[in-house]
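Novice: So that we are looking at the same thing, I have put the structure below in C-alpha cells.
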Ligand SMILES: Cc1cc2nc3c(=O)[nH]c(=O)nc-3n(C[C@H](O)[C@H](O)[C@H](O)COP(=O)(O)O)c2cc1C
C-alpha cells in the first residue's frame, strides 16, 4: 500500500472558528467540504485535542473563513501551529460575530459561512462535524489558498493534528 496516493487528494485551506461564552478561538483546517446542497451542509474534521474542537462540541456553532492565496505564512502559523489554550488568537485579528454567535475571521478571507452543528461522527483521533448553513457572504474576489499551494509554494508542513498528516 502506498500512502503517498492520499497526497493526490486536493483541498482548500480554511479557518474554522467557534466560541465558549466570551472566549473566541479558531484553527486552520484543510478538511472542509460541502456534503449536501439541499439543505446546504458542510463537514469539518477537527482533532479532539484542539481547543476549537472543544468549543464546537460545546457551543454547537462554527464558522468557516476561506483564505486567500496571498495569506502570509505567519498568519497561517498563528492559527495552525499555536493553540488557543496558550494565546488569544483573535486579539489582533480582524473579525466579526455572526448571526449564530460564532466569531468569523475576516483577515485574508475571501468568503465566510456560519453553521449550526447538525450531526457528528467520532472518527477516532478526530470528530467529523456536519454543519447546517445559517449564513454566508463573499468579502472580496480573489484566488482561494489551496493545500497544494501551501505545501508546494509556501513550503509549509502539516502538523500531526491535521487529519491528512503523513510522516
Ligand atoms: C496546513 C494545515 C492544515 C491543518 N488541517 C487541520 C484539519 O483539517 N483538522 C484539524 O483538526 N487540524 C488541522 N490543522 C492543525 C490545527 O490547525 C492546529 O492543531 C491548531 O494549533 C489547533 O488550534 P486550537 O488548539 O487553538 O484549536 C492544520 C494545520 C495546518 C498548518
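Novice: Inspect the stretch 61-77 for any residue being without any contact (Cβ under 8 Å) to a residue 12 or more places away in the chain and either within 13 Å of the ligand (Cβ to nearest atom) or buried (at least 22 other Cβ atoms within 10 Å of the Cβ) (or both) and give the result as yes or no.
Specialist: Yes - at least one qualifying residue is present in the stretch 61-77.
Novice: Picking from 55, 115, 129, 62, which residue would you name as being touching a helix residue (DSSP H, G or I) at 6+ places or on another chain (Cβ under 7 Å), modelled with pLDDT of 95 or more and either assigned to a loop (DSSP other than H, G, I, E, B) or more than 30 Å from residue 3 (Cα to Cα) (or both)?
Specialist: One residue alone meets the criteria, 62.
Novice: Being closer than 19 Å to residue 133 by Cβ and either over 11 Å from the mean Cα position of the chain (by Cα) or assigned to a loop (DSSP other than H, G, I, E, B) (or both) is true for just one of 71, 38. Which residue is that?
Specialist: Step by step, each of 71, 38 is checked, and only 38 is closer than 19 Å to residue 133 by Cβ and either over 11 Å from the mean Cα position of the chain (by Cα) or assigned to a loop (DSSP other than H, G, I, E, B) (or both).
Novice: Can you tell me how many residues within the stretch 107-130 are closer than 20 Å to residue 42 by Cα, away from the ligand (no atom under 14 Å from the Cβ) and touching a residue at least 12 places away in the same chain (Cβ under 8 Å)?
Specialist: 11
Novice: Still on this structure, please answer the following. Within the stretch 3-22, does at least one residue satisfy the condition of being surrounded by 16 or more Cβ atoms within 10 Å (Cβ to Cβ), part of a helix (DSSP H, G or I) and away from the ligand (no atom under 11 Å from the Cβ)?
Specialist: Among the residues of the stretch 3-22, not one is surrounded by 16 or more Cβ atoms within 10 Å (Cβ to Cβ), part of a helix (DSSP H, G or I) and away from the ligand (no atom under 11 Å from the Cβ), which makes the answer no.
Novice: Out of the residues in the stretch 132-156 that are part of a loop (DSSP other than H, G, I, E, B) and surrounded by 11 or more Cβ atoms within 10 Å (Cβ to Cβ), which is nearest to the ligand (Cβ to nearest atom)?
Specialist: Within the stretch 132-156, the match that is nearest to the ligand (Cβ to nearest atom) is 156.
Novice: Six or more apart or on different chains, Cβ atoms under 8 Å: show the pairs whose first residue is in the stretch 147-167 and closer than 18 Å to residue 128 by Cα and whose second is within 6 Å of the ligand (Cβ to nearest atom) and at pLDDT below 90.
Specialist: Note: pairs meeting the criteria are 164/158; 165/158; 165/159.
Novice: Quick check on residue 48: is it under 23 Å from residue 136 (Cβ atoms) and either in contact (Cβ under 8 Å) with a residue 24 or more places away in the chain or in contact with a strand residue (DSSP E or B) (Cβ under 8 Å, 6 or more places away or on another chain) (or both)?
Specialist: Considered against the rule, which asks whether it is under 23 Å from residue 136 (Cβ atoms) and either in contact (Cβ under 8 Å) with a residue 24 or more places away in the chain or in contact with a strand residue (DSSP E or B) (Cβ under 8 Å, 6 or more places away or on another chain) (or both), residue 48 comes out as no.
The values are calculated or read from the model by the stated rules, or taken from the named source; none is laboratory data. Computed from a prediction, not measured in an experiment: that's the story for all the values here. A quick note on method: Cβ atoms are made from the backbone with ideal geometry, for glycine too, and the neighbour counts reach across all protein chains shown.
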